[in-house]
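> Got a structure for you, questions after.
The values are calculated or read from the model by the stated rules, or taken from the named source; none is laboratory data. Everything numeric here is computed off the predicted structure, so don't read it as measured data. Cβ placement follows ideal geometry from the backbone for every residue including glycine, while neighbour counts extend to all protein chains displayed. We work out accessible area using only protein heavy atoms, side chains counted, and drop any ligands, DNA or RNA first. Shrake-Rupley method; radii C 1.70, N 1.55, O 1.52, S 1.80 Å.
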Amino acid sequence: MTARRGKWVWAVVGGLLLALGAGRWLAVSTADRLWAESLGVGDPHAQIARMRFMLVTLAFAAAMVWSVGNLYFVFRTIRSVHVPRRVANIEILEVVPRRYLGAGVAVLGLIIALFLSYGASDWWYAKLLSSGSADLGISEPVLGRDLSYYLFRLPWQRTLAGYATLATSTVLAAATALYGAMGAVRWTGRRLWVSDLARTHIGTLLAALALVLYWGYRLEPAEYVAGVHEVGFDSILLDVRIPVANLMSWLALLATGASLLWIWLSRVFLVLTAWTSLVLVSLVGHYVVPAFASTVRTSDELRVEDLGRAEREFISIAYGLPANPGTISLPSAPDGAALSDYMPEVAKAALWDGFAIDQFLNNGPAGRVPTRFSRARLGVYSSGDGNAVPVFLAARMIDLTVARRTEGDLSWEQVHVGPYAFASGAVALEAVGASDEGFPLFVPDLATPHTASPSVAELSLHNSDVLFAPGSTEYAVVDDDTRSRPGVRAPGLWRRVALAWALQSLQLIRSREVRSGARILWRRDVSERLSALAPFAVFGEPYPVVVEHRLWWMADGYVYSDESPFAPRVEWLGRTTGYVRAGLVGVVDAWSGESTVVLSPWADPLTRAWSEALPGLVQPTQTLPPELWQHLRYPQGLFELQVGILAGTGGRRLRPGPSSRATTYWWFGTGPTDSVPRLRLRAALEDGEPPFLAAFVEAWVNRGAPRIEVSSFDPPMTIPGPSQAAARLSGARLSPMAVAGTVRTVPLPDGVLFVQASYEESAVNQAAKLTDVVISWGDVVARGSSLTEAARRVLSSAADRGQASASWREARRWFERLDDARKRGDWVAFGQAYQNLKRLLASDGDSVP
């Protein structure tokens, strides 16, 4: 009776656990379906859900049949199992009932099946892409395969091969261990003895494993080309690694034959010899021979010109980098008066750094407890006269940490219904000017961005409530009967139970605030919302945009692939990948939560394949209104990745070198090859000690199309880099205790301008205020309260120092003659040049070369 009651208890506990797991899965699935339907993407999300369920089911079913079938074969060979048992002082052997053995085998098979199918739901990414098999017309030179093979088919093949390898090796290990435990496999003296049934079973499993390894070795050359194993693209790849992979595939076939032959001939040395050879050749061929070959070969012998060209081409494809960087020829000592030609552009450039704006907003007069501002982002808005004005824009958000610190414990209604469910309002600040006290100026209406005031002014918006913003992690309940706001209604009991279970909030069932017409809004963090909307993509940090007095969030969507031929592997968002492109644009209405993912005009083949695989999820390019397209900017996350590759920190370097340093910043103005003022991402790469400018990277959007240019300086290593400029600028600042901003490098046709602003905290409220702006133009450093004033002082200083500058130009000419004489070995001319140079340096003049 007690035993029967115990069985019922275990059955009830097991049923409850199963019901909890199934109920949780059903609740989350229901909530996700309702959320997707509220955004109009129910069909593609249902397609993904079906694919995930199908893959898990098939992987579990295959693993279950494979593991339980093989373990059942082992079970049939077991005659009996005896367990020692002591009764009083007598030790006896008790026979284990076969039903217990069968149950144990079934449980072990179930555990193995769960282990093998774990994570199979994530295979949907590779499975859906495998249908995009159309050739792209871009072939790599080693295997002659099209780029589409690496992006679309190879990931799924590697997934299946990995699953098959793991399943075969796991069951082989389990079966061998069971045979060893029952004595069917044991050492007899110096000889390994295997029973006939065990030999038949293990030999078959070994043959299956060898066939799976053959499949893997056949994929290995493509994996080398795709950079999966992170090997060099050199002669070792052609002469060693690919031939070894082909050899290993043939040895795997020999191991297959030897394993099957072992079943008939019962000669252990056959299978041991074949598998020992396979393992030894694999170790030597994969590690020893390539290392030795790379040691004995010179750099010229390692280099293969065709592979070098292919690497440059496919790096451009994988990361959107230009294949052929350009060159900028600028004088290292520009004429001071030449800066006057660029005064109109200097007057329009953004003055403030983003971090100073953030500190001013959160500590200054615009800050209100318990709200904080989102990260201020630079944008460009057109005034009534058609002029473009750079403006910083930030939205208010609720800071629950501050609210709990000031208000104590908050109720569920306060956090999810109000007043701490969401914030209200946004502010815009002029990026160019500052008040007399050094504080930013507020822009009350972006329809007239040139009108600014030192008084705190909230931005004019039709709907000022900000329900969706970066960092909004809690869900909100709003009582809204309109159809203009996406959200999930909860009229019925089951729907409320599902939402409460999925969101882990029992109050959704009990609270009276959840009325029949209420909408439940979750995934209110913009990046999280867009990533859930398009789960195959990763969305970067959103930036706010105001169009027709509506606040929107825009974010760049990135697609990636681990397999891409001849591309360097980079660390990106915690994973190693070989292909990253930004082909999507996500848009979220800050008030309603209306969300859309749009195909960008520069979408790459991988992004287009996703849009075709999930129709209705990614909208066509023309779906987005032109007013929003005007605020499209170059993807900052991709730009930083590109700069990292160029600087040698993100993978194999292109140029200039592994010790390069880079600073990324936004700038509004013209460029070396583009005369139209635009919002630009820039990075100045420097190298050497002391650091000189090695390359300049600039990216912008022109009529909906991205542009990125990489330029080196000619002659190289003649213009000081931002680090040298920072040392010079620091000596000219008004307050040595001020916090310095980013040194911005501005190449102009007549030279390089370096700009740096500095800030200090206000004594009243610790808000950041502008101390001064310091610029460097050639050998002149000047300070002012604005960029325009500092530039005017450069021009004034240049007029006063004309004679001294001429002396320095003459000194440079004598130095060039001295260096030329040294290279030629003409020591007489060297001495003459040295004496003239000494005379000029000893004369009165500038103290700064």
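> Per residue, what accessible area does the chain have, given a 1.4 Å probe and all protein chains present, in Å²?
47
> Report LEU197's accessible area, 1.4 Å probe, all protein chains in place, as a number in Å² to the nearest 10.
It works out to around 100 Å².
> What 222 nm value per residue comes from the helices of the chain, counting each DSSP H run with n ≥ 4 as -39,500 (n - 2.57) and dividing by all residues, nearest 500 deg cm²/dmol?
Calculated at 222 nm, the ellipticity per residue is -14000 deg cm²/dmol.
> Among [x] 36.3, 119; [y] 30.8, 107; [z] 34.6, 116, find the value of Rg and Dmax of the Cα atoms in Å that was calculated from the structure presented, and write down its label.
Matching entry in [x] 36.3, 119; [y] 30.8, 107; [z] 34.6, 116: [z].
> Note down the magnitude of the dipole of the chain about its Cα centre, charges +1 on Lys and Arg C-beta and -1 on Asp and Glu C-beta and zero elsewhere, to the nearest 20 debye.
Details: 80 positive and 77 negative charges, 843 e Å.
About 4040 debye.
> Sketch the reach of a paramagnetic label on ILE138 as a point 7 Å from Cα along Cα-to-Cβ, and name the residues of region 302-321 whose backbone nitrogen lies under 19 Å away.
306-321
> Find the relative contact order for region 254-382 and round it to a whole percent, using C-alpha pairs within less than 8 Å whose residues are 6+ positions apart.
Taking the mean separation of contacting Cα pairs over the length of region 254-382, I get 10 percent.
> Pulled fully out, how much extra length does the chain show between GLU594 and SER411, if you take 0.36 nm times their separation in residues and subtract their Cα-Cα distance?
Between GLU594 and SER411, full extension yields 63.1 nm more.
> Of all trypsin sites (Lys or Arg not before Pro) in region 674-755, which ones are in loop regions per DSSP and have a Cβ with at most 12 other Cβ atoms within 10 Å? Each step should come with its number before you reach the end.
Working: sites: ARG678, ARG680, ARG682, ARG703, ARG707, ARG728, ARG733, ARG744; in loops: ARG703, ARG733.
Passing sites in region 674-755 are ARG703.
> Does anyone have the angle between helix 636-647 and the longest principal axis of the chain? Alpha-carbon axes, 0 to 90°, nearest 10?
Taking the Cα atoms of the chain, the angle to 636-647 is about 90 degrees.
> Each label point is 7 Å from the Cα along the Cα-to-Cβ direction; what then is the distance between the points at LEU16 and THR276, in nm?
5.8
> Which Cα, out of VAL56, GLY574, ALA431, lies furthest along the positive dipole direction of the chain (beta carbon charges, K/R +1, D/E -1)?
VAL56
> Region 407-496: which trypsin sites (Lys or Arg not before Pro) are DSSP loop and have at most 12 other beta-carbon atoms within 10 angstrom?
Answer by residue number: ARG483.
> Need one number: % antiparallel among DSSP beta bridges in the chain, to the nearest 5. Numbers along the way, then the final one.
Values: 107 of 111 bridges.
Approximately 95 percent, going by the DSSP bridge assignments.
> With a 1.4 Å probe and every protein chain kept in, tell me what percent of the accessible surface of the chain is carbon plus sulfur.
57
> A further question follows. Mind putting a number on the dipole of region 140-260 about its Cα centre? Charges go on the C-beta only, +1 for Lys and Arg and -1 for Asp and Glu, and I need it in Debye to the nearest 20.
620
> Are there GluC sites (Glu not before Pro) in region 518-574 that DSSP puts in a loop and that have at most 16 other Cβ atoms within 10 Å, and which ones?
In loop regions of region 518-574 (DSSP not H, G, I, E or B), the sparsely surrounded GluC sites (Glu not before Pro) are GLU548.
> Here's another thing I want to ask about it. Report the paramagnetic label zone for GLU528: residues of region 351-393 whose backbone N is under 19 Å from a point 7 Å from Cα along the Cα-to-Cβ axis.
Inside the label zone: 371-375.
> Okay, moving on. When the Cα centres of region 747-763 and region 124-193 are compared, how far apart do they sit, in Å?
Region 747-763 and region 124-193 have Cα centres separated by 57 Å.
> OK, next. Which order do peptides 426-432, 747-753, 140-146 fall in by mean Cβ count within 10 Å, highest first?
So the order, starting with the most tightly packed, is 426-432, 747-753, 140-146.
> Same structure again: Between 0 and 90 degrees, rounded to the nearest ten: what's the tilt of helix 196-225 against the longest Cα principal axis of the chain?
Roughly 20 degrees between the two axes.
> Further, regarding this structure: Can you grab the distance from the C-alpha centre of region 259-303 to the C-alpha centre of region 417-438, Å, no decimals?
Measuring centre to centre over Cα atoms gives 67 Å.
> For the chain, what is the relative contact order in percent, using Cα pairs closer than 8 Å and at least 6 residues apart in sequence?
Values: 1472 pairs, mean separation 90.5, N = 849.
Worked out over the chain, it gives 11 percent.
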